[in-house]
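Student: The structure under discussion is supplied below as structure tokens; questions concerning it will follow.
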Amino acid sequence: MISGNNLGQRLASLAIAILLCVGPTPGLAAEAWGLEQLMAMFAQVQAANARFVERNNLSLLNEPVETSGTLSYVRPHIVEKQTLQPQREILRVEGDRLTLNQADGTTRSLSVSAMPEIEAYVESIRATLSGDLARLKRFYNVALEGAAEGWRLQLAPLNQNVSETVRLIIISGSNGSIGQVDVYQTDGDHSSMTIFPGSA
Amino acid sequence: MTWRGWWSLAIWLAGLLVCALLIVRTSFTADLSAFLPRSPSTAQQVLVDQLRDGVVSRLVLVALEGAPADALALLSRDTASWLRGDPLIAAINNGESTGIERDRAYLWNNRYLLSSAVTPARFTVQGLRDALQNDLRLLQSPGGLFLKRALPSDPTAEILHLTDQLTGEGTGPVSRDGVWFSADGTRALLLVQTAAPGFDLDAQQRTLDRIRAAFDDARAAGNASSARLLMTGPGVFSVQTRDTIEADVKRSSVLATLMVAGLLFMVYRSPRVLALSLLPAASGTLAGIAAVSLGFGTVHGITLGFGVTLLGETVDYAIYLFTQTLPGTPPDRTLPRIWRTLLLGVMTSVVGFGTMLFSSFSGLAQLGLFSITGLLVALCVTRWVLPTLLPADFATERPARMAPVLTALISAAPALRTPLLAVMLLSLGWLFYQGDAVWSGDLSSLSPVAQSDQQLDERLRRDLGAPDVGHLLVVNAEDRDGALAAAEKLTGPLEELVRQNALDGYDTPALYLPSQATQRARQAALPDPGILRGDLAQALEGLPFRPDAFEPFLNSVAKARSAPLLDPSSIGGTSLKLKLDSLLVRSGETWTAMLPLRGVTNPQAISERLSQDAVLLDLKGESNLLYRTYRQEALILALLGSVAITVLLAVGLRSVRSVTVVVIPLTAAVVITMALLTALGQQLSIFHLVGLLLVVGVGSNYSLLFERPEPSEVLRERTVASVTIANLCTVIGFGILSFSSIPVLHGIGMTVAIGAFLSLVFSAVLGRHLLEEPVHG
């Protein structure tokens with residue numbers, strides 16, 4: 001189909017939202033902080049809920065677009081993003097199937113694996129949530145900087161098709177919680193999602 | 001040798017020569033559709049045409065398995081790249097975006113000609129404003145990802161409309177590393193469309209070989225020596241079936257010939273006589289092929305395979321001649337003695353097979369002509385040529401030695417009358433109880449494809465997300481554009497029916513290539529660039545879009561207004577072309593557009609609503625109906641044949657009693673054979689009917705010979721011996737055929753082997769003559 005810029009940023013935000021729900025993880029601060037430790041922590045998530053506020057800067061529009069809603073995850077393969085403002089829409093990924101319910105009642109459904117761009121986004125979430133670093137590295141060049149108290153996870157797409165739309169995803173947080181996800185698109189558009197733990 | 005003997009020989013040799021010349025010029029086909037009926041209705045014609053050379057018949061489903069997923073994905077790419085551009089391959093798809101890029105380009109570049117949403121109202125200020133507001137909502141939603149990049153060129157979202165229509169409910173197979181895989185990830189999948197039509201088996205064979213070679217090359221280049229290649233599809237099955245039938249018939253005939261020859265050698269102890277005994281059958285085969293070639297233009301491979309087995313009966317003629325020849329009597333005196341009986345026996349077979357001549361299956365009609373010609377020629381050769389070629393002092397001693405034992409056995413046989421009656425009643429009861437379940441109502445029962453292959457095919461189809469089409473709407477027109485226009489006329493009513501939940505959705509060729517008139521109408525709906533610019537500016541007022549955001553849209557519309565209309569060449573090189581070719585076909589002088597329907601819940605409503613404009617075809621139902629019609633026809637023909645045989649016997653024997661004595665064992669054999677076969681779990685098909693006809697043909701010889709009053713005990717012993725040997729040969733020949741993996745051959749083989757044996761036993765049990773003059777000692 002067409003492009004996947006926004007999906008990337010949204011799914012990435014979703015991943016972060018879920019990560020936030022993990023809450024503080026004890027006993028890690030003293031150890032050497034690294035990707036393995038971060039992933040091991042994520043792997044323990046069974047199910048989670050969160051709220052989000054997202055701000056999009058789009059070159060097509062004169063002004064930024066702001067949306068908000070809820071996020072949820074059920075291990076091993078269901079992720080759902082419900083946008084509540086400015087209009088109600090549901091994006092749900094279950095297994096290989098992505099379903100989008102729009103405000104006007106139309107429903108679209110597609111096979112994630114048939115579209116490498118979308119697969120990259122979806123897998124980045126699943127791989128992260130399951131703490132599967134190896135899988136995450138199949139789609140992204142992964143770099144972690146900072147310390148446990150303040151870290152930044154940088155995901156740079158490996159696939160050419162993906163990098164035509166998404167340049168970089170930056171997830172930042174402190175200790176076991178994530179505060180923000182920034183998606184920098186290749187065409188200059190940029191979105192930033194802030195996540196609050198707990199259900200709406 | 002007598003002067004008359006020389007003449008017979010000369011005529012025979014000349015006949016063989018003529019046949020040989022005819023056969024050299026004969027073309028043999030292996031087109032399985034000869035065993036599909038000649039179709040009565042348009043709808044059924046479409047069905048049979050599709051099976052013959054439709055795109056459906058050109059599909060090869062390919063699966064690669066037996067290696068890790070990464071290796072399989074690589075193998076899939078390599079195999080596909082070896083095959084792309086090969087003249088034998090019309091298209092190959094393995095999920096790679098190689099073809100999808102072109103599909104996308106076709107849809108994107110021609111969106112204003114293709115989209116059914118293009119109407120004048122869409123490009124007014126109000127229409128544009130509605131579209132832009134919708135765009136804004138989409139940008140704010142997760143769905144914005146679908147539109148963002150396309151939006152500046154396509155604010156009215158034509159591409160989205162098109163993709164929605166094209167995607168339908170079809171979800172396609174899952175992918176891994178960009179190529180198609182089965183859901184469980186163990187098989188990489190490819191879909192090949194052959195350039196050759198499905199019925200051109202030689203070309204299909206070459207194509208399959210090419211695919212195998214490409215796979216082997218790819219496997220050698222990669223590092224996946226454990227990987228295996230699986231292929232299914234109509235072409236694969238046809239080629240396989242041809243090979244299997246050829247191999248089976250060859251193996252069966254070699255085995256049967258060896259065993260029959262062994263048996264005959266034991267009896268006659270003379271290689272020369274052995275060779276001579278096969279002469280009538282060989283001559284009959286040649287004449288049969290020549291006759292079919294003259295009558296039908298081509299000879300079907302299966303006719304040949306089955307026909308030769310049907311002519312097995314002719315070996316019996318020579319056996320009667322040899323075995324009945326008494327020491328000291330010239331062989332040319334033997335035949336006049338049994339001639340009437342033999343002639344009557346042959347005539348019953350001829351009448352039996354003659355009914356097949358009237359069959360609507362050209363394959364069965366060929367078989368009929370083949371066997372009738374073969375039988376008559378074999379009889380003539382036995383009558384006039386064989387005695388001339390036999391040694392002057394020929395006589396067989398062996399049967400004389402084993403005859404008393406057989407005679408004793410047979411004289412004791414009438415004791416079995418009561419049990420036979422019981423078995424007969426039991427069988428009748430069983431058949432009556434089974435009712436229609438005895439008959440297979442499925443066209444697939446004619447399918448020579450082994451069960452395991454059918455299962456593999458189903459599995460791959462499921463993996464590829466290509467379920468079999470159930471319902472099809474068919475419209476005809478004089479030319480391509482007419483057919484497209486006719487298909488477009490159905491869109492409105494179909495949409496309405498979808499809303500009424502009569503069906504889930506449909507596919508139409510007009511989606512890929514609209515009719516010229518529709519394309520012109522859509523072009524006319526696009527406004528002049530100057531007007532559009534003004535209207536767009538007005539529509540954008542108060543919306544947060546940047547004012548210059550939609551420059552690409554203005555350019556696209558201006559270009560589309562003067563773009564050349566699409567024709568079939570425009571879609572070339574895309575995978576959509578495949579789709580179009582399968583939905584829009586030329587059949588003779590007319591063009592046919594086909595609209596496959598999805599999720600049909602109310603066929604009644606659909607056919608009522610559209611009966612004026614189109615034919616609704618329920619493929620599975622239609623083909624089974626077709627098959628049942630033909631089975632009905634075959635059954636009626638078989639019954640008529642039985643009546644004709646009875647009449648023939650009545651005329652020949654001129655005695656009600658004799659006719660009864662001949663017919664009853666035959667009837668018993670047929671009934672009990674049917675009961676046995678169904679009790680063994682077989683469902684009877686048309687080919688079992690053919691087998692039963694053969695049982696009647698062969699069995700009538702036995703009961704006729706048994707029924708015939710013999711002047712002396714020695715002669716009767718010889719009769720019993722000759723019939724027994726003939727029967728053994730038949731049972732051996734067809735018994736071997738029953739081991740064939742082809743259901744049809746297996747069915748005929750079993751039917752005839754069981755039926756022929758039972759005919760002999762029942763003739764002995766029920767024979768009047770043997771009962772009246774029992775042999776003691």
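The values are calculated or read from the model by the stated rules, or taken from the named source; none is laboratory data. Computed from a predicted structure; not experimentally measured. With ideal geometry, Cβ positions are generated from the backbone for all residues, glycine too; neighbour counts draw on all protein chains shown. All accessible areas refer to the heavy atoms of the entire protein, side chains included, with ligands and DNA or RNA removed. Shrake-Rupley method; radii C 1.70, N 1.55, O 1.52, S 1.80 Å.
Student: Tell me, which helices (runs of 4 or more DSSP H) wholly within the stretch B:193-305 include 3 or more residues that are open to solvent by less than 10 Å² (accessible area, probe 1.4 Å)? First the steps, then the outcome.
Tutor: Values: elements: B:201-221, B:234-268, B:271-277, B:279-296.
Helices (runs of 4 or more DSSP H) meeting the threshold: B:201-221, B:234-268, B:279-296.
Student: From A:135, A:55, which residue is in a strand (DSSP E or B) and either more than 9 Å from chain B (Cβ to nearest Cβ) or surrounded by 15 or more Cβ atoms within 10 Å (Cβ to Cβ) (or both)?
Tutor: Values: A:135 fails: in a strand (DSSP E or B).
Step by step, each of A:135, A:55 is checked, and only A:55 is in a strand (DSSP E or B) and either more than 9 Å from chain B (Cβ to nearest Cβ) or surrounded by 15 or more Cβ atoms within 10 Å (Cβ to Cβ) (or both).
Student: Here are some conditions: (1) within 15 Å of residue B:550 (Cβ to Cβ); (2) away from chain A (no Cβ under 14 Å); (3) open to solvent by 10 Å² or more (accessible area, probe 1.4 Å). Residue B:128 meets all but one. Which one does it not meet?
Tutor: Every listed condition holds for residue B:128 apart from (3).
Student: If you don't mind, another one. Restricting attention to the stretch B:599-631, and to residues there that are of a type in the set (Lys, Arg) and under 22 Å from residue B:583 (Cα atoms), which single residue is modelled with the highest pLDDT?
Tutor: As a first pass, look at the stretch B:599-631 and keep what is of a type in the set (Lys, Arg): B:609, B:620, B:628, B:631.
Subset that is under 22 Å from residue B:583 (Cα atoms): B:609, B:620.
On the way: B:609: 86, B:620: 67.
Taking the candidates together, the pick is B:609.
Student: Just one of the numbered conditions (1) at the interface with chain B (Cβ under 10 Å from one of its Cβ atoms); (2) in contact with an Asp or Glu (Cβ under 6 Å, 6 or more places away or on another chain); (3) at pLDDT 50 or above is not true of residue A:62; which one?
Tutor: The single condition residue A:62 does not satisfy is (2).
Student: Please report, ordered by residue number, the strands (runs of 3 or more DSSP E) entirely within the stretch B:566-623 with at least 1 residues that are touching a Pro at 6+ places or on another chain (Cβ under 6 Å), over 27 Å from residue B:440 (Cα atoms) and not β-branched (Val, Ile, Thr). Give the steps one after another, and end with the answer.
Tutor: Numbers: elements: B:584-587, B:590-598, B:615-618.
By residue number, B:584-587, B:590-598.
Student: Kindly evaluate residue A:89 against the criterion of being surrounded by fewer than 19 Cβ atoms within 10 Å (Cβ to Cβ), within 14 Å of chain B (Cβ to nearest Cβ), modelled with pLDDT of 85 or more and more than 14 Å from the chain's Cα centre (by Cα). Reasoning before the result, please.
Tutor: Numbers: surrounded by fewer than 19 Cβ atoms within 10 Å (Cβ to Cβ): no; within 14 Å of chain B (Cβ to nearest Cβ): yes; modelled with pLDDT of 85 or more: yes; more than 14 Å from the chain's Cα centre (by Cα): yes.
No, not satisfied.
Student: Quick one: residue B:352 ticks every box in (1) within 43 Å of the chain's Cα centre (by Cα); (2) surrounded by fewer than 20 Cβ atoms within 10 Å (Cβ to Cβ) except a single one, so which number is it?
Tutor: Going through the list (1) within 43 Å of the chain's Cα centre (by Cα); (2) surrounded by fewer than 20 Cβ atoms within 10 Å (Cβ to Cβ), residue B:352 breaks only (2).
Student: Let me ask another. For the subset of the stretch B:530-560 comprising residues that are within 14 Å of chain A (Cβ to nearest Cβ) and in contact with a Ser or Thr (Cβ under 6 Å, 6 or more places away or on another chain), which member is least open to solvent (accessible area, probe 1.4 Å)?
Tutor: Filtering the stretch B:530-560 for residues that are within 14 Å of chain A (Cβ to nearest Cβ) and in contact with a Ser or Thr (Cβ under 6 Å, 6 or more places away or on another chain), the one least open to solvent (accessible area, probe 1.4 Å) comes out as B:553.
Student: For the stretch A:97-118, enumerate the residues that are within 7 Å of another protein chain (Cβ to nearest Cβ) and modelled with pLDDT under 75.
Tutor: Result: A:111, A:113, A:114, A:116.
Student: How many residues are open to solvent by less than 70 Å² (accessible area, probe 1.4 Å) and in a loop (DSSP other than H, G, I, E, B) when one looks only at the stretch B:68-93?
Tutor: Result for the stretch B:68-93: 2.
Student: Check B:104, B:84, B:77 and return the single one that is under 26 Å from residue B:213 (Cα atoms), without any contact (Cβ under 8 Å) to a residue 40 or more places away in the chain and out of contact with any Lys or Arg (no Cβ under 6 Å at 6 or more places or on another chain).
Tutor: B:84
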